[in-house]
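Novice: Could you have a look at this structure, given as structure tokens, before my questions?
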Amino acid sequence: MADPLHVELVSADREVWSGEATTVVARTTEGDVGILPAHAPLLGLIADGVVEIRTPGGEVYTAAVSGGFLSIAQNRVSILAEFAELAEDIHLTKARQELERAKAAGENDEEALELIRRAEARIRAAEKVS
């Protein structure tokens with residue numbers, strides 16, 4: 001078996017998750033990327049969405065991410081996001097309320113659109129584990 005990936009998921013204010021993985025799936029502005037050991041080097045822009053990390057022990061970690069960069073080189077995957085939160089830390093009811101508040105703020109405002117995209121990503125991540 002190939003050496004596992006070393007993955008670091010970091011938000012602007014903290015390390016969200018770090019460890020070994022067999023696969024990582026992330027959404028970039030160019031589309032979804034599935035990452036396995038020995039993946040070719042890649043640098044991409046992270047899109048608002050969900051990152052899924054599968055460990056050698058079969059555990060699956062799901063996180064909501066927003067903005068930032070994805071870097072892959074020599075079995076190292078670095079996801080440097082403006083915002084990242086593990087699904088297990090997301091309270092689904094509160095995330096849905098935040099989405100409604102953001103929508104009420106207006107979809108023509110760029111800041112409100114960012115809040116809407118972030119809330120939608122949080123809801124998708126939380127729903128994957130519930």
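Novice: Residues in the stretch 71-99, backbone N under 15 Å from the label point at Asp13 (7 Å along the Cα-to-beta-carbon vector): list them, ranges by number please.
Specialist: Within reach of a label on Asp13, which here means backbone N under 15 Å from a point 7 Å along Cα→Cβ, the stretch 71-99 contributes 81-86, 90.
Novice: With everything on Cα atoms, drop me the angle between helix 110-129 and the longest principal axis of the chain, reported from 0 to 90° to the nearest 10.
Specialist: Helix 110-129 sits roughly 60 degrees off the main axis of the chain.
Novice: Could you give the length gained by full extension between Glu20 and His6, i.e. 0.36 nm per residue of separation minus their alpha carbon distance, to one decimal place?
Specialist: Here the answer is 4.6 nm.
Novice: A further question follows. If you place +1 on the Cβ of every Lys and Arg and -1 on the Cβ of every Asp and Glu, how big does the dipole about the Cα centre of the stretch 20-59 come out, in debye to the nearest 20?
Specialist: So the dipole magnitude of the stretch 20-59 works out to roughly 80 debye.
Novice: Provide, as a two-decimal number, the C-alpha radius of gyration of the chain over 2.2 N^0.38 Å, N being how many residues it has.
Specialist: Here the Cα radius of gyration is 1.07 times the empirical estimate.
Novice: Now for a different question. In the stretch 50-130, what trypsin sites (Lys or Arg not before Pro) fall in a loop by DSSP, with at most 10 other Cβ atoms inside 10 Å? Could the numbers behind the result be given before it?
Specialist: Values: sites: Arg54, Arg76, Lys94, Arg96, Arg101, Lys103, Arg117, Arg118, Arg122, Arg124, Lys128; in loops: none.
Answer in residue order: no site qualifies.
Novice: In the stretch 41-92, which GluC sites (Glu not before Pro) are in a loop and have at most 11 other Cβ atoms within 10 Å, using DSSP for the loop call?
Specialist: Sparse-neighbourhood loop GluC sites (Glu not before Pro): Glu59.
Novice: Hey, another quick one. Place a +1 charge on the Cβ of each Lys and Arg in the stretch 27-130 and a -1 charge on the Cβ of each Asp and Glu, then give the dipole magnitude about the Cα centre in debye, rounded to the nearest 20.
Specialist: 300 debye
Novice: Could you work out the relative contact order of the chain? I mean the mean sequence separation of Cα pairs under 8 Å and 6+ apart, divided by the number of residues, in percent. Each step should come with its number before you reach the end.
Specialist: Details: 300 pairs, mean separation 30.8, N = 130.
RCO, the chain: 24 percent.
Novice: To the nearest 10 degrees, how steeply does helix 92-104 sit against the main Cα axis of the chain, on a 0 to 90 scale?
Specialist: The answer is roughly 50 degrees.
Novice: Tell me the net charge near Ala73. Cut-off is 15 Å between Cβ atoms, Ala73 excluded, with +1 for each Lys or Arg and -1 for each Asp or Glu.
Specialist: Taking every other residue near Ala73 into account, the sum is -1.
Novice: What percentages make up the Cα-Cα pair-distance distribution of the stretch 11-71 when the bins are 5 Å wide from 0?
Specialist: Percent of pairs per bin, in order: 4, 17, 29, 28, 17, 4.
Novice: Now for a different question. Can you give the FRET efficiency to the nearest 0.05 for Thr29 and Asp89, using r as the Cβ-Cβ distance and R₀ = 35 Å?
Specialist: It comes to 0.85.
Novice: Under 15 Å from the Cβ of Val24, count the other residues' Cβ atoms, weight Lys and Arg +1, Asp and Glu -1, and hand me the total. Spell out each step's value before the answer.
Specialist: On the way: positive: Arg27, Arg54, Arg76, Lys128; negative: Asp3, Glu8, Glu20, Asp32, Glu52, Glu59.
Around Val24, the surrounding residues sum to -2.
Novice: With the full set of protein chains in place, find how many percent of the accessible area of the stretch 1-120 is carbon and sulfur; take the probe as 1.4 Å.
Specialist: Roughly 49 percent of what the probe reaches on the stretch 1-120 is carbon or sulfur.
Novice: Counting only heavy atoms of protein chains, what accessible area per residue, in Å², does the chain have with a probe of 1.4 Å?
Specialist: Per-residue accessible area for the chain comes out at 55 Å².
The values are calculated or read from the model by the stated rules, or taken from the named source; none is laboratory data. Since we're looking at a predicted model, the values are computed, not measured. Cβ coordinates were reconstructed from backbone atoms using ideal geometry, including for glycine residues, and neighbour counts include every protein chain displayed. Note: accessible area is taken over every heavy atom of the protein model, side chains too, but ligands, DNA and RNA are not part of it. Shrake-Rupley method; radii C 1.70, N 1.55, O 1.52, S 1.80 Å.
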